[in-house]
1. Kindly provide the helix-only [θ] at 222 nm of the chain, computed as the sum of -39,500 (n - 2.57) over DSSP H runs of four or more divided by all residues, to the nearest 500 deg cm²/dmol?
2. Using a probe radius of 1.4 Å on heavy atoms only, what accessible surface per residue do you get for the chain? Whole Å² is fine.
3. Of all accessible surface on the chain at a 1.4 Å probe, what whole percent is carbon and sulfur?
4. Ordered by residue, what ³J(HN,Hα) values in Hz, to whole numbers, does the range 5-10 give under the Karplus form 6.51 cos²θ - 1.76 cosθ + 1.60, where θ = phi - 60° and Gly and Pro are x?
5. From the square roots a ≥ b ≥ c of the eigenvalues of the alpha-carbon gyration tensor of the chain, which class results: rounded (a/c under 1.5), prolate (a/b over b/c), or oblate?
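The values are calculated or read from the model by the stated rules, or taken from the named source; none is laboratory data. The shown structure was predicted, so the numbers you read here are calculated from the model rather than taken from an experiment. For accessibility, only protein heavy atoms count, side chains too; no ligands or nucleic acids. Shrake-Rupley method; radii C 1.70, N 1.55, O 1.52, S 1.80 Å.
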Amino acid sequence: MHIPAARTAQHHAVRAIAAGGLTHPLTQALLAAAVLTAAAAWDAGHRVTDIQLTTRCPA
């Protein structure tokens with residue numbers, strides 16, 4: 001449950017950055033939420049790399 005939540009929070013934060021920039025209050029709140037969910041995943045024993053989907057770009 002931790003990993004999907006961390007991925008979703010990260011996705012929302014990235015979309016907010018694209019829409020409003022880093023200094024927008026909503027972006028900062030979503031970044032804080034992403035950090036907290038990633039920390040919860042870490043505390044639950046997941047590795048940081050578990051949050052990121054590993055896909056290779058075609059060369």
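1. Roughly -22000 deg cm²/dmol at 222 nm, from the helical runs in the chain.
2. Here the per-residue accessible area is 78 Å².
3. Here it works out to 66 percent.
4. Values, residue by residue: 5, 5, 5, 5, 4, 5 Hz.
5. Oblate.
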